[in-house]
Amino acid sequence: MSTTAGSPGRPSRPRLRPVRLLTLVVFALAGLLFWLSFDTARGTNLRSDDSMLRLSDLIQERSHKNGLQDERNAGLRAEVDALARRDTAPSAGAEARLKALEKSAGSRPLTGPGLTVTLTDAPPNATPKIPGIPDPQPNDLVIHQQDLQAVVNALWHGGAKGIKVMDQRLISTSAVRCVGNTLILQGRVYSPPYKITAVGDRDALSRALTASPAIQNYLQYVNAYGLGWKVDQHEAVTLPGYSGTVDLHYAQPVKP
């Protein structure tokens, strides 16, 4: 046992060094975090499958509610338009221009020839279909955001007059986004298989799909691992009118 210089034989009082003090503080904070986690969980498993299922159910319920709200919003908008036309009595020319603008904006149903592209995930236990191809990674077997965007962009490039993804009409502000292997479109959530339908010249649309480099890359994975790719031709198909909100949010420069 060490002694102080001025008091032989007397044990020295241990000093609390800064490093030791910091260690004690860290352990105290860790203990506090563990206690808070235990108090929050109340003895339940925070990583249980039930929690994940409840979250999934909540997402699906919210998506369903958003769909109902879209339908209600479309009905109210139709009533407002009808009242506005009754009160203002627009001229025939103004009425024609209004209908043309609504058609261009995608707020009116559209019927015509077209096609539907269906994309599906590969089986989770898929193995290479071509000799020499490496075994697939999990990301190789699911549809990604860029795959959906590639189809949509190719169809627009092919002269599509209108496009719907799943059951929703796309407009100029629509964004096709994926989180994991689920699609989030205009406040609603979808799982594969994904269906993209376009109205337009079917030959031109087909050529645009074939000419797209991004789609050609996707088709390599179709051949290698079994991702789904199907194109159905329609003599006549109807796209719904867009029924969501059209408010635009944009940045403004800060005034000096």
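The values are calculated or read from the model by the stated rules, or taken from the named source; none is laboratory data. A quick note: this is a predicted structure, and the numbers were derived from the prediction, not measured. Cβ coordinates were reconstructed from backbone atoms using ideal geometry, including for glycine residues, and neighbour counts include every protein chain displayed. Remember, those area values only see protein heavy atoms, side chains included, never the ligands or the DNA or RNA. Shrake-Rupley method; radii C 1.70, N 1.55, O 1.52, S 1.80 Å.
Among 137-148, 190-201, how do they line up by average Cβ neighbours within 10 Å per residue, starting with the highest?
Details: 137-148: 15.4, 190-201: 19.8.
Ranked by mean Cβ neighbours within 10 Å, highest first: 190-201, 137-148.
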Note to self: Tell me whether the range 190-230 comes out rounded, prolate or oblate; compute the Cα gyration tensor, take square roots of the eigenvalues as a ≥ b ≥ c, and use a/c under 1.5 as the rounded threshold.
What the structure shows: oblate
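At a 1.4 Å probe radius, which order do TRP229, TRP156 fall into by accessible area, largest first?
Order by accessible area, largest first: TRP156, TRP229.
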Check: Got a sec to turn the phi values of the range 124-131 into Karplus ³J(HN,Hα) couplings, 6.51 cos²θ - 1.76 cosθ + 1.60 with θ = phi - 60°, whole Hz, x for Gly and Pro?
Finding: x, 9, 4, 10, x, 8, 10, x
Item checked: Surface accessible to a 1.4 Å probe, per residue, for the residues of the range 131-256, Å² -> 58
Next item on the list: Give the Rg (one decimal place) followed by the Dmax (whole number) of the range 178-256, computed from C-alpha coordinates and expressed in Å.
Entry: 18.0, 58
Note to self: With a 1.4 Å probe and all protein chains kept in place, how much accessible area does LEU209 have, in Å² rounded to the nearest 10?
What the structure shows: 10
